[in-house]
Amino acid sequence: MTTVTHTPVNGLTHLDALEAESVHIFREVAGEFERPVVLFSGGKDSIVMLHLALKAFWPAPVPFALLHVDTGHNFPEVIAYRDRVVAEHGLTLHVAHVQEYIDDGRLTERPDGLRNPLQTVPLLDAIGNNRFDAVFGGGRRDEEKARAKERVFSMRDEFGGWDPRRQRPELWRLYNGRHTAGEHVRVFPLSNWTELDVWQYIEREKTELPGIYFAHEREVFARDGMWLTPGAWGGPARTETTERRLVRYRTVGDMSCTGAVDSEAATVAEVITEIAASRLTERGATRADDKVSEAAMEDRKREGYF
Amino acid sequence: MSTTTPRRPVETTLLRFATAGSVDDGKSTLVGRLLHDSKSVFTDQLEAVDAASRRRGQDAPDLALLTDGLRAEREQGITIDVAHRYFATPRRRFILADTPGHVQYTRNMVTGASTADLAVVLVDARNGVVAQTRRHAAVAALLRVPHMVLAVNKMDLVGYDESVFASVEAEFTAYAERLGVRAIVAVPMSALAGDNVVEPSAHMDWYAGPTLLEHLETVRTDGDPADDPARFPVQYVIRPQQGAYLDYRGYAGQLASGVLRVGDGVTVLPSGLSATVAGVDVLGTASDAARAGQSVTLRLAEDLDISRGDLIVAGAPPRLGQDVDATVCHLHEKPLRAGDRVLVKHTTRTVRAVVREIPHRIDIDTLDRCPGDDGLHVNDLGRVLLRTAEPLALDDYRDNRTTGSFLLIDPADGTTRGAGMAGPFIESEARRA
């Protein structure tokens, strides 16, 4: 707080405008809800969300807890990052474990081994048990065409369901979060950000990320056109062989469905150049679970997924 | 991979715009063309569209599949709801509110236009200005979208004839001027053939204006000049009560208009108390001022009782009172009638209110007044008089889109029933013409 900046004269840059909008959304939720929570996976979008929340309430602490739905197949580097950030900012972290649900029979492992779809039940239980009334997610409308229809404030019924035909119109900056007991609101402060915006903001703010977002050598094997990391989650199969490659991750999720891409981008600046030239979307390149059907994302969202 | 030289993206400005057009005007093709020709469609998205088109037995990829995201939309071949699209050129980032042209157009267009800096109204060159065009223009004018583009599409089907374009432009401009719209740019184009959308047309050398994309890239959006009255709705009070910030008390919010500088005298509404700006913190960094659009935290020199819902103002003050006279776009299937109890959400303040009277509906085709006795039905626009339980500090919507707008909310189930704009202005402008 020793430097004094001067206000820009020619309008806000796109990053300033997106930042101001997201901060506005965080503050609206803080002002209107009793028990909000921020979904935090340790991925870049949730890291940017947390960074924005820290700025929105500075110099006071973030008035929300964090919630992580742990599939049991997470990258160890990401879990370590998560725990470090939580400790550094004195945050409260709730963890819902998919593994516990499988172990005691409440969920059954899918034949294809994907655990992302299994997150929905533990997520809804955690929301219900903790009586969270607003749940921040890092979803962006540019990710997927069902998400392009998503509101910033998204009403969910008592089953966590999303009904695209019954969405409230969202006008001006007037977000309507009124809900009845049992319902909750999903809030997406990064709705209007693109993958490139997120990376440019990370560069500008010098935000630290888990190392797997940058090029590194790793044992991988090919499946469905993606490079997967071997692990206790079940890969590789007998017919699949591993090799050592220079790769990085564009998204970070469950190891069973998140693929790495060949990359030499070792810095944020190099990642930005790489993304700007890429002809593949983030999810198209690296997510197996969206390829299940034409409406995979929409179907999961209707059931309560993000 | 790409054969173009990777260009390092830079920080640039953001334009929010909305498209309006009826189903057969070629809006999906226009949006597809903008995304495709600005190289914002990715290989995997095109492959998915190719595969889906083939499954349905279509020969060519159907670009509408790029934008119709929901299962029901693909099954029925219709667009249900506003979708947001994102694309960028080296000069600007764009957020496109893609509003469907179907039955619910007023509701959807109000949603898309409420945050737009610019509206694109699409017209089929063969049909010219039709009732639907007038509705789109009226909604954009009512919502005070600062810039309007008339996209005269399907010029290829009228032989790229300059006189066709000129007559559509003249008719539209005359109508829009009656609505008080001044900044109109008309572009003759063929979205299907790619004329004047992103690339200049080889068929219309009589047209000297910009392509649609060129105009979107260069139109000025830095409204809210410094001499506008300052409006700062208080969202949240920040009081750390710990460490080095034991005595810190800041009012967090997004400046709706104008500029607030350290040392400025301000008034807090509804209390009417005076104060002085002692500090402006821009997300953790002290600044000399806050400008419109910034989310900041204000510190005041005086120790006052200020909370969420208060409005900090400088310059000409807004009206403060419990009687609200507004134009309402009704958005819900349940009609709005005199005597209804509602909640009014205005900036960060929500108050109880009752609908006192609905003097008239507005026929959006003719801008004529109709009797309002039957109330407002879904997609209706009308003048509504409200009485609020507590005073509201309202600007005219024509002066300020943030402090002049409000939601009508159903107190029973929390649904949004209507969009309100303070000041009954649209019919007065139409009469003046």
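The values are calculated or read from the model by the stated rules, or taken from the named source; none is laboratory data. These figures come from a predicted structure and were not determined experimentally. Cβ placement follows ideal geometry from the backbone for every residue including glycine, while neighbour counts extend to all protein chains displayed. What goes into the accessible areas is simple: the full protein's heavy atoms, side chains included, and nothing from ligands, DNA or RNA. Shrake-Rupley method; radii C 1.70, N 1.55, O 1.52, S 1.80 Å.
Would you check if B:R431 is of a type outside the set (A, V, I, L, M, F, W, C) and at pLDDT below 90?
Details: of a type outside the set (A, V, I, L, M, F, W, C): yes; at pLDDT below 90: yes.
Yes: the conditions hold for B:R431.
If a residue counts only when it is modelled with pLDDT of 90 or more and open to solvent by less than 10 Å² (accessible area, probe 1.4 Å), which strands (runs of 3 or more DSSP E) contained entirely in the range B:72-142 have at least 1 such residues?
It comes to B:92-98, B:118-124.
Anything in the range A:6-58 that is charged (D, E, K, R) and part of a helix (DSSP H, G or I)? List them, or say none. If you could, list the steps in order and put the result at the bottom.
The first filter runs over the range A:6-58 and keeps only residues charged (D, E, K, R), leaving A:16, A:19, A:21, A:27-28, A:32, A:34-35, A:44-45, A:55.
The answer is A:D16, A:E19, A:E21, A:R27, A:E28, A:E32, A:K44, A:D45, A:K55.
Please enumerate the residues belonging to the range A:155-190 that are on the phi > 0 side of the Ramachandran plot and either open to solvent by less than 10 Å² (accessible area, probe 1.4 Å) or at the interface with another protein chain (Cβ under 9 Å from one of its Cβ atoms) (or both).
A:G160, A:W172
Report those strands (runs of 3 or more DSSP E) wholly inside the range B:321-433 carrying at least 3 residues which are over 23 Å from B:A113 (Cβ atoms) and over 22 Å from the mean Cα position of the chain (by Cα).
B:349-362, B:381-394
For the range A:85-115, enumerate the residues that are in contact (Cβ under 8 Å) with a residue 40 or more places away in the chain, touching a helix residue (DSSP H, G or I) at 6+ places or on another chain (Cβ under 9 Å), more than 22 Å from A:P189 (Cβ to Cβ) and not charged (D, E, K, R).
Answer for the range A:85-115, where residues must be in contact (Cβ under 8 Å) with a residue 40 or more places away in the chain, touching a helix residue (DSSP H, G or I) at 6+ places or on another chain (Cβ under 9 Å), more than 22 Å from A:P189 (Cβ to Cβ) and not charged (D, E, K, R): just A:L114.
Quick one: what pairs do we get from the range A:44-59, first residue more than 8 Å from every other protein chain (Cβ to nearest Cβ) and open to solvent by less than 10 Å² (accessible area, probe 1.4 Å), second part of a helix (DSSP H, G or I) and not aliphatic (A, V, I, L, M), C-beta under 7 Å, 6+ apart or different chains?
Note: pairs meeting the criteria are A:K44/A:Y213; A:V48/A:Y201; A:L52/A:E19; A:L52/A:S22; A:L52/A:F26; A:A53/A:F26.
Here are B:L343, B:L331: which of them is in contact with a helix residue (DSSP H, G or I) (Cβ under 6 Å, 6 or more places away or on another chain), closer than 26 Å to A:G31 by Cα and within 14 Å of another protein chain (Cβ to nearest Cβ)?
After ruling out the rest, the residue left standing is B:L331.
Sort out which residues of the range B:283-308 are among the β-branched types (V, I, T) and either touching a residue at least 24 places away in the same chain (Cβ under 8 Å) or crowded, with 21+ Cβ neighbours inside 10 Å (or both), and write them in order of number.
B:V296, B:T297, B:I306
Counting residues that are closer than 23 Å to A:Q119 by Cα, which strands (runs of 3 or more DSSP E) fully inside the range A:157-259 reach at least 2?
A:184-187, A:226-228
In this structure, does B:D323 turn out to be closer than 30 Å to A:P59 by Cα and surrounded by fewer than 16 Cβ atoms within 10 Å (Cβ to Cβ)?
No.
Are there strands (runs of 3 or more DSSP E) fully within the range B:227-298 with at least 1 residues that are within 12 Å of another protein chain (Cβ to nearest Cβ)? List them. I'd like the intermediate steps shown before the answer.
Values: elements: B:230-233, B:236-238, B:250-254, B:259-261, B:265-269, B:273-282, B:285-287, B:289-291.
Once the strands (runs of 3 or more DSSP E) in the range B:227-298 are filtered for at least 1 residues that are within 12 Å of another protein chain (Cβ to nearest Cβ), what remains is B:230-233, B:236-238, B:250-254, B:259-261, B:273-282, B:285-287, B:289-291.
Does B:D380 fit the bill of being within 14 Å of chain A (Cβ to nearest Cβ) and buried (at least 21 other Cβ atoms within 10 Å of the Cβ)?
no
Please go through the range B:165-185 and pick out each residue that is modelled with pLDDT of 90 or more, touching a strand residue (DSSP E or B) at 6+ places or on another chain (Cβ under 8 Å) and open to solvent by 10 Å² or more (accessible area, probe 1.4 Å).
Listed by number, the residues that qualify are B:F165, B:E169, B:T173, B:I184, B:V185.
Please work out which one of (1) free of Cβ contacts under 8 Å to residues at least 40 places away in the same chain; (2) surrounded by fewer than 18 Cβ atoms within 10 Å (Cβ to Cβ) is the condition A:W227 fails and give its number.
(2)
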